[in-house]
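Just below is one structure, and these are the notes that go with it.
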Number of protein chains: 2
Amino acid sequence: MAEQLPHLLRSDAQDNRDRVLDAARALFSERGLDVPMRVIAREAGVGPATLYRRFPTKQTLVDEAFIDELATCRRIVEESCADPDPWRGFASAIERLCVLNARNQGFVNAFMSANPEAEMFTEHRVSLQRQLAHLAQRAKRAGALRRDFVMDDLVLVLLAGRGLSSVLPSSREARALRFAELAIDAFRERGEGISVGQRRR
Amino acid sequence: MAEQLPHLLRSDAQDNRDRVLDAARALFSERGLDVPMRVIAREAGVGPATLYRRFPTKQTLVDEAFIDELATCRRIVEESCADPDPWRGFASAIERLCVLNARNQGFVNAFMSANPEAEMFTEHRVSLQRQLAHLAQRAKRAGALRRDFVMDDLVLVLLAGRGLSSVLPSSREARALRFAELAIDAFRERGEGISVGQRRR
DNA sequence: AACGTAACGGACGCCCCCGTCCACTTGACC
DNA sequence: GGTCAAGTGGACGGGGGCGTCCGTTACGTT
């Protein structure tokens with residue numbers, strides 16, 4: 001996590017850099033991406049110039065700050081792929097991604113849609129999307145995932161999860177879990193009992 | 001819609017007021033609430049001062065601009081309550097509210113959470129919430145709505161619907177419909193293969 | 001047509017945010 | 001301990017949004 005490439009930075013510079021990243025992570029997670037750079041700098045106990053020297057643009061800082069979360073994403077999806085039960089793997093991926101999104105306000109915004117020029121993100125995005133697609137296809141083949149499921153549905157749910165940002169931090173996690181539960185139920189293939197009122201040609 | 005209280009405003013003033021409201025509605029719907037007042041004024045073909053004279057604060061403008069949508073909300077919920085089929089009423093309310101939210105970017109933000117001091121909104125909110133609760137209870141009693149449903153779930157879905165703001169306007173409506181479909185499926189009581197839609201005891 | 005007042009809009013001040021510059025400080029190496 | 005480049009933070013300029021002031025315009029009434 002802490003950068004330890006053959007210490008090109010002076011020790012105090014490295015300290016400050018780490019403190020800035022910590023502060024950025026905390027604030028981005030708590031309040032979303034539109035936290036002023038000054039606030040991050042003040043929180044980290046450095047001046048604005050120091051912050052800007054390490055991270056020339058706000059985007060750079062955002063990218064660096066969320067590298068860990070990105071790794072978490074990959075781990076979640078990989079563990080889900082490793083689950084022998086296709087449906088449980090699929091469902092647990094959704095649940096854990098929802099919780100992760102709820103915990104980090106800014107992450108989905110940073111990852112999805114937002115910045116098209118962040119090469120690092122797009123690269124990981126396509127990779128993640130491929131794994132998720134595989135996960136979904138496996139679950140569908142097992143007959144557990146609704147037949148009309150498409151990948152866009154997953155994006156829809158993940159994007160929607162962003163909407164519960166406004167709830168107060170205390171209940172945020174519980175909300176995310178409930179939301180995931182509902183989403184998973186929505187995706188579950190329901191038995192042969194065909195319901196009226198849903199098929200709208 | 002157009003204010004016609006015994007014309008206290010001069011004709012040109014009334015015209016400008018209407019144009020401002022039209023522009024505000026269009027821009028808020030399309031781009032969300034964080035549209036600069038200047039942009040609204042320019043779009044309406046008036047100066048900033050004129051705008052601020054009619055609507056002393058941005059909040060005032062937002063409130064006025066969304067009065068119609070609020071009425072639409074009420075109508076949707078009332079029509080759903082009037083539906084003899086409990087589940088269909090509940091489901092159609094969700095679907096239509098989702099579409100309405102997708103069509104008007106800023107509306108949910110304006111209505112939910114956002115401004116606690118907008119007395120007009122809060123008043124309507126509690127009233128709407130009561131009706132929705134009735135709708136839900138009726139559907140639950142009919143055995144069509146999942147037993148563990150709570151009102152917070154509905155808020156969750158409506159709030160989440162806000163998250164699909166980022167998709168481009170073209171596919172927005174289709175997304176909203178699909179999202180509503182998923183939400184409705186999530187809420188449907190899954191059970192003994194009973195077909196919902198017609199009252200099943 | 002003339003007049004008084006409501007209405008208008010360009011210009012202003014204020015604040016917040018971004019990113020940069022520069023004179024001062026401090027860590028690291030001799 | 002001395003040296004010096006790397007590092008630091010306060011101050012600056014630019015941009016944009018909000019809300020207001022004031023000289024000018026034009027409605028509508030007589």
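The values are calculated or read from the model by the stated rules, or taken from the named source; none is laboratory data. The structure displayed is predicted, hence computed values, not measured ones. Note that we place each Cβ from the backbone using ideal geometry, even for glycine, and neighbour counts take in every protein chain shown. Note: accessible area is taken over every heavy atom of the protein model, side chains too, but ligands, DNA and RNA are not part of it. Shrake-Rupley method; radii C 1.70, N 1.55, O 1.52, S 1.80 Å.
Can you find a residue that is among the small types (G, A, S) and crowded, with 19+ Cβ neighbours inside 10 Å anywhere in region A:70-82?
Yes, region A:70-82 has at least one match.
Keeping to region A:126-185, report how many residues are open to solvent by less than 60 Å² (accessible area, probe 1.4 Å), within 12 Å of chain B (Cβ to nearest Cβ) and either in contact with a strand residue (DSSP E or B) (Cβ under 6 Å, 6 or more places away or on another chain) or not in a helix (DSSP H, G or I) (or both).
Adding up the residues that qualify gives 3.
Taking the options A:D12, A:D18, name whichever one is free of Cβ contacts under 8 Å to residues at least 40 places away in the same chain, acidic (D, E), closer than 17 Å to A:I67 by Cα and within 12 Å of DNA strand D (Cβ to nearest atom).
Just a single option satisfies the conditions, and that option is A:D18.
Sort out which residues of region A:21-53 are open to solvent by 40 Å² or more (accessible area, probe 1.4 Å), within 21 Å of A:D68 (Cβ to Cβ), within 15 Å of DNA strand D (Cβ to nearest atom) and part of a helix (DSSP H, G or I), and write them in order of number.
Those that are open to solvent by 40 Å² or more (accessible area, probe 1.4 Å), within 21 Å of A:D68 (Cβ to Cβ), within 15 Å of DNA strand D (Cβ to nearest atom) and part of a helix (DSSP H, G or I): A:D22, A:E43.
A quick yes/no check of all residues on (1) more than 22 Å from the chain's Cα centre (by Cα); (2) under 21 Å from A:R172 (Cβ atoms):
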| residue | (1), (2) |
| --- | --- |
| A:D12 | yes, no |
| A:S29 | no, yes |
| A:G45 | yes, no |
| A:P56 | yes, no |
| A:E69 | no, yes |
| A:D85 | yes, no |
| A:A110 | no, yes |
| A:V126 | no, no |
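Any residue that is at pLDDT 85 or above and either crowded, with 17+ Cβ neighbours inside 10 Å or not hydroxyl-bearing (S, T, Y) (or both) - is there at least one of those in region A:106-121?
The answer is yes, given that some residue of region A:106-121 is at pLDDT 85 or above and either crowded, with 17+ Cβ neighbours inside 10 Å or not hydroxyl-bearing (S, T, Y) (or both).
Mind listing whichever residues of region B:54-65 are part of a loop (DSSP other than H, G, I, E, B) and at pLDDT below 90?
Selection gives B:T57 alone.
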